[in-house]
Amino acid sequence: MENVIEIKHLNKSYGTHEVLKDIDFNVKKGEVVCIIGSSGSGKSTLLRCINLLEKPSGGMILYNEENILDEKHDINKYRTKLGMVFQQFNLFNNHNVLSNCMVGQMEVLGRSKKEAEEVAMKYLKYVGMDQYINAKPKQLSGGQKQRVAIARALSMEPDVMLFDEPTSALDPEMVGEVLKVMKELAETGITMLVVTHEMGFAREVSDRVVFMNQGVIAEEGTPEQIFNNPTGERTREFLKRTL
Ligand code: ADP
Ligand code: MG
């Protein structure tokens, strides 16, 4: 299978603090990869470098074999290929649910209002939020907000979905409804990169698990390898603390 994303020797520093150290990492088309690891290990920074919310300090990021860090590369076009879901939802609070899922389509993809509405409705139905199209984010629970955020990202019809701890800000009783949507999504064959502390989800849904520690990928493998037979001392310690 071909690599959608290929990362070579990626470095990211803030001042003298080296947050990502010489990361090599590939994601194949259709793969679901979960990234686990302690707080501060660089998981968010890795996702933020991939979607260019952060500028890498060094290394290469290839998207379908094109170097996206090349000055000539169309960054805005690249970004439309990636859907991002954040821990804190990042919905537009002054827009209702439907509008949240339409603005990006119209402003960035140039879709008509009619088309944007049709697409938004399709994905709001998919996440079970089509009954709430007129609600403002503040009227929704955390689980509902996150499902709208997923619908908004899907409405852009991206090639790859990136999730940064999508359930970490939720009350426990709402985690399940979001994971259920993500699990269904994974089964559609879309490429997904998920930073998560939900080990059950990582074990059940991912094709590959990546364990990050202090800015490096300390270990990666199938869920069976990582959860049943971790080879690294750090991986074992981390799993002992979280499971
Ligand atoms: P994780 O998502 O695994 O918890 P992060 O990628 O958020 O880790 O952060 C990794 C390290 O980078 C942490 O030590 C954090 O303090 C530091 N860091 C993240 N963002 C910034 C920033 N904008 N400026 C300075 N340091 C940062
Ligand atoms: Mg993080």
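The values are calculated or read from the model by the stated rules, or taken from the named source; none is laboratory data. Given the structure is predicted, the values throughout are model-derived calculations rather than measurements. Note that we place each Cβ from the backbone using ideal geometry, even for glycine, and neighbour counts take in every protein chain shown. These area figures cover heavy atoms from the full protein model, side chains too; ligands, DNA and RNA do not enter into them. Shrake-Rupley method; radii C 1.70, N 1.55, O 1.52, S 1.80 Å.
Does Gly15 meet the test of being within 13 Å of ligand 2 (Cβ to nearest atom), at positive phi and open to solvent by 20 Å² or more (accessible area, probe 1.4 Å)? Write out each step before concluding.
Values: within 13 Å of ligand 2 (Cβ to nearest atom): no; at positive phi: yes; open to solvent by 20 Å² or more (accessible area, probe 1.4 Å): yes.
Spelling it out, it is not the case that Gly15 is within 13 Å of ligand 2 (Cβ to nearest atom), at positive phi and open to solvent by 20 Å² or more (accessible area, probe 1.4 Å).
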Test: Arg234 is assigned to a helix (DSSP H, G or I), under 23 Å from Ser39 (Cα atoms), within 16 Å of ligand 1 (Cβ to nearest atom) and open to solvent by 10 Å² or more (accessible area, probe 1.4 Å): yes
Complete set of residues in region 100-115 that are crowded, with 18+ Cβ neighbours inside 10 Å and under 22 Å from Gln139 (Cβ atoms): Asn100, Cys101, Met102, Gly104
Close pairs from region 189-210: first among the polar types (S, T, N, Q), partner within 16 Å of ligand 1 (Cβ to nearest atom), Cβ under 7 Å, at least 6 apart: Thr196/Cys34; Thr196/Ile36; Thr196/Glu165; Thr196/Ala202; Ser206/Val33; Ser206/Cys34
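Quick check on Gly30: is it at positive phi, within 16 Å of ligand 1 (Cβ to nearest atom) and surrounded by 14 or more Cβ atoms within 10 Å (Cβ to Cβ)?
Details: at positive phi: yes; within 16 Å of ligand 1 (Cβ to nearest atom): no; surrounded by 14 or more Cβ atoms within 10 Å (Cβ to Cβ): yes.
Judged against the criteria, Gly30 is not a match.
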In region 134-151, residue farthest from ligand 1 (Cβ to nearest atom) [restricted to those that are touching a residue at least 24 places away in the same chain (Cβ under 8 Å) and open to solvent by 40 Å² or more (accessible area, probe 1.4 Å)]: Asn134
Tally, over region 1-36, of residues that are under 15 Å from the mean Cα position of the chain (by Cα) and of a type in the set (Gly, Ala, Ser): 1
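Does region 33-45 hold any residues that are touching a Leu at 6+ places or on another chain (Cβ under 9 Å) and either open to solvent by 50 Å² or more (accessible area, probe 1.4 Å) or more than 9 Å from ligand 2 (Cβ to nearest atom) (or both), and which are they? If you could, list the steps in order and put the result at the bottom.
Taking region 33-45 and keeping what is touching a Leu at 6+ places or on another chain (Cβ under 9 Å), we get 33-36, 42, 45.
Once the filter is applied, which keeps residues that are touching a Leu at 6+ places or on another chain (Cβ under 9 Å) and either open to solvent by 50 Å² or more (accessible area, probe 1.4 Å) or more than 9 Å from ligand 2 (Cβ to nearest atom) (or both), region 33-45 yields Val33, Cys34, Ile35, Ile36.
State all residues of region 128-151 that are more than 14 Å from Val178 (Cα to Cα) and outside any loop (DSSP other than H, G, I, E, B); if no residue qualifies, say none. Steps first, please.
So the first thing to find is which residues in region 128-151 are more than 14 Å from Val178 (Cα to Cα), and the list is 130-139.
Scanning region 128-151 gives Asp130, Gln131, Tyr132, Pro137, Lys138, Gln139.
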Selection count, region 71-88, where residues are within 13 Å of Met161 (Cα to Cα) and within 16 Å of ligand 1 (Cβ to nearest atom): 3
